[in-house]
1. Criterion first (aliphatic (A, V, I, L, M), modelled with pLDDT of 95 or more, part of a strand (DSSP E or B) and surrounded by 20 or more Cβ atoms within 10 Å (Cβ to Cβ)) does Val325 satisfy it?
2. For region 390-405, which positions are free of Cβ contacts under 8 Å to residues at least 60 places away in the same chain and either open to solvent by less than 30 Å² (accessible area, probe 1.4 Å) or charged (D, E, K, R) (or both)?
3. Within the group His533, His570, His563, which residue is in contact with a strand residue (DSSP E or B) (Cβ under 9 Å, 6 or more places away or on another chain) and part of a helix (DSSP H, G or I)?
4. If a residue has to be over 30 Å from His274 (Cα atoms), open to solvent by 10 Å² or more (accessible area, probe 1.4 Å), in a strand (DSSP E or B) and in contact with a helix residue (DSSP H, G or I) (Cβ under 6 Å, 6 or more places away or on another chain) to count, how many in region 117-175 make the cut?
5. Give me the residue from region 71-83 that is surrounded by fewer than 18 Cβ atoms within 10 Å (Cβ to Cβ) and within 16 Å of the ligand (Cβ to nearest atom) and, out of that set, farthest from Ile269 (Cα to Cα).
6. Here is a list of conditions, (1) more than 27 Å from Glu273 (Cβ to Cβ); (2) more than 30 Å from the chain's Cα centre (by Cα), and Leu105 meets all of them except one; can you say which number that is?
7. Pairs please, first residue from region 563-579 and closer than 24 Å to Glu546 by Cα, second anywhere and of a type in the set (S, T, N, Q), Cβ atoms under 6 Å, 6+ apart in sequence or on different chains.
8. Sort through Thr408, Thr354 and tell me the only one that's closer than 30 Å to Met89 by Cβ, among the β-branched types (Val, Ile, Thr) and open to solvent by 40 Å² or more (accessible area, probe 1.4 Å).
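The values are calculated or read from the model by the stated rules, or taken from the named source; none is laboratory data. All of these numbers come straight from a predicted model, not from anything done at the bench. FYI the Cβ positions are ideal-geometry reconstructions off the backbone, even for glycines, and counts take in every protein chain you see. Only protein heavy atoms, including side chains, enter the accessible area calculation; ligands, DNA and RNA are left aside. Shrake-Rupley method; radii C 1.70, N 1.55, O 1.52, S 1.80 Å.
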Amino acid sequence: MATPDQARQEVSGLHARLAEHNYRYYVLDDPVVPDAEYDRLFRRLQELEAQYPELKTQDSPTARVGDVPLSGFASVSHEVPMLSLANAMDDDEARSFDQRLMQLLEVDQIEYNVEPKLDGLAISILYEQGKLVRAATRGDGTTGEDVTQNVRTIASIPLTLRGDACPRILEVRGEIFMPKAGFNALNQKQKEKGEKTFANPRNAAAGSLRQLDPRITAARPLDMFFYAAGRVEGVELAATQSERLAQLRDWGLKTCPDIDVAMGIDACIAYKEHIGQRRDTLPYDIDGVVYKVNSIELQQTAGSVSRAPRWAIAHKFPPQEEMTVVNAIDVQVGRTGAITPVARLEPVFVGGVTVTNATLHNKAEIERLDVRVGDSVIVRRAGDVIPEIVSVYKQRRPDNAAAYAFPTHCPVCDSEVVFDDGGAIGRCSGGLFCQAQRKESIKHFASRKALDIEGLGDRLVEILVDEGLIEDVGDLYSLRKEQVAKLERMADKSAGNLIDAIDASRETTLPRFLFALGIPQVGESTAAALAQHFGTLDRIESASLEDLQIVDDIGPIVADNIHTFFDQAHNREIIARLVGAGLNWPQIEARRDDLPLAGKIIVLTGTLSGMSRSNAKAALQERGAKVTGSVSKKTDYLVAGEKPGSKVDKAEQLGVTVLDEQGLQTLLGDE
Ligand code: IVH
């Protein structure tokens, strides 16, 4: 335990740090530490204040949450204070909350209303005679900011309440947030415009709401769930939280669809587990769940302590963001030569696992973050997503930290690095000369969705190449058991199994084989479409750029990748070796040349009156036609409905037959 003097010093340090973080978080909407770090400092201060009550001052951050409003918005005082919630960091803390409450209320089981803890901003909205007259942020709980203009722009918030039974005065609270999909789209747009992106949906929501220009807010995808009534006049509110939420819904106010009622703490914890499993697929961000005593009468009996009600608790999920230090920045060379920088981190427990690496994506991302070796960074790991660096805490940057210099030559084969996408993405120009690219192409070839060679994992591929036993996928089929058995951690049996698995992979399918070749941007579905369309490898190899683009979903760029791949002598040579080694696949069912429209290429444009465009497309395809999106010399017919647009001009220029709807019916043979 700290001595009184040590405690005094520590408390004053914590005051300063928390005040700084509060300012960044509440006033500037630009926090520099993850919530978990803030929570830890806050809890430490609470702990010291509990040990030494004389150190608890009026201006302690534990006595008040948030900070002064920005000068640009008018202040609003909350007649009914906007409380905050105490936290439970694990199941034990949630259970002791329930225990304390049962004692206090003298009951042996409590019914809770259980709700997701939304990660947005708390807002109070005032309706008078059913009309929205004012909206205010929570601020410090007593005084917030008037954001009425901005809140009016949010589509899901009614400007007028529904029904005749709505109260004379209704002050309602809830959370404004940015749905994940909208957040991703917004960041994408910001990137394209070269503007600042947001670290997470909460920051984006806060930044969007606190705009002095409401037109900016209006363009942002904000949403709101209501969760409580504040001041109410002229109507009797229901006796439980769950029924009150139903009342809010009746008045047209949106509530969270994932709320439930749970009897006893075990049911609450089961709810938390269930929501936790669904967390990644929920359309909005949450950082825990909230348990609220359902009976309002019991809530009143329990009452509140300084900043939080005794009748509710936020049961938090383990944090998804943490702070750590970058020990090194390495680069990895991928199958197609793309050079991906990776940050090697001081191990940190985040999102439920220990994280030691975070992807830095590409050169542009390193420049955007300006991340350097030695930097303190905020790392985020959400769900199954690869850990990422969200931001750099520049205040803690060591004096000697130098800006990162992206390699100009491949670290593996020393070939020159070339940049595409406006300099954002670096690529090793060594092709299959580069050992890293060769290794990656072999790993891909053996992977589950490609030739699925059991036992030939990434590590073994590395060893086989490093030991000089194979150079490319063409060498796999001449590997001998004795060679493999000599390798480290290999025995006779495992070597035999590997050779058997390689043997077995000779029997494959054309789509798998095409996918396994690792042609840039040819994934499983494109490989399948190619196989289906052309039927044989020969036809694909000799297809022209135009032929390739007739295949569904193949545009000019992918067509070019495929064409270039088969154009290269060393690729053709490897394919010949594979086929020579006995790789084979069943014949793809030949194209149905007997269908009435077999081989015809048709484009649809404009609005059809007799059937939808997708039905017309399906009907044409059933009869063997290929329906494509743009008119070219190869097009046989352009079917033009109402308001057809420029495709008709193009067809006429190219001498392509243009049909009307009547002509389509004739083609379909329905006339
Ligand atoms: S109730 C009387 N319910 O959490 C309790 N708050 O730490 C007042 N929050 O400021 C809040 N989801 O921004 C409540 N379902 C929920 C919530 C929720 C998120 C936020 C809210 C509040 C903070 C309290």
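1. Working: aliphatic (A, V, I, L, M): yes; modelled with pLDDT of 95 or more: yes; part of a strand (DSSP E or B): yes; surrounded by 20 or more Cβ atoms within 10 Å (Cβ to Cβ): no.
No: the conditions fail for Val325.
2. In the first step, residues of region 390-405 are kept if they are free of Cβ contacts under 8 Å to residues at least 60 places away in the same chain; the result is 392, 394, 396-403, 405.
Listed by number, the residues that qualify are Val392, Lys394, Arg396, Arg397, Asp399, Ala401.
3. His533 is the lone residue from the list that is in contact with a strand residue (DSSP E or B) (Cβ under 9 Å, 6 or more places away or on another chain) and part of a helix (DSSP H, G or I).
4. 1
5. Residues of region 71-83 that are surrounded by fewer than 18 Cβ atoms within 10 Å (Cβ to Cβ), as a first pass: 71-72, 74-75, 77, 79-81.
Remaining after also requiring within 16 Å of the ligand (Cβ to nearest atom): 79-81.
Details: Glu79: 34, Val80: 30, Pro81: 29 Å.
Step by step, filter region 71-83, then rank; the result is Glu79.
6. (1)
7. Cβ pairs passing all conditions: Phe565/Asn571.
8. Values: Thr408 fails: closer than 30 Å to Met89 by Cβ.
The match here is Thr354.
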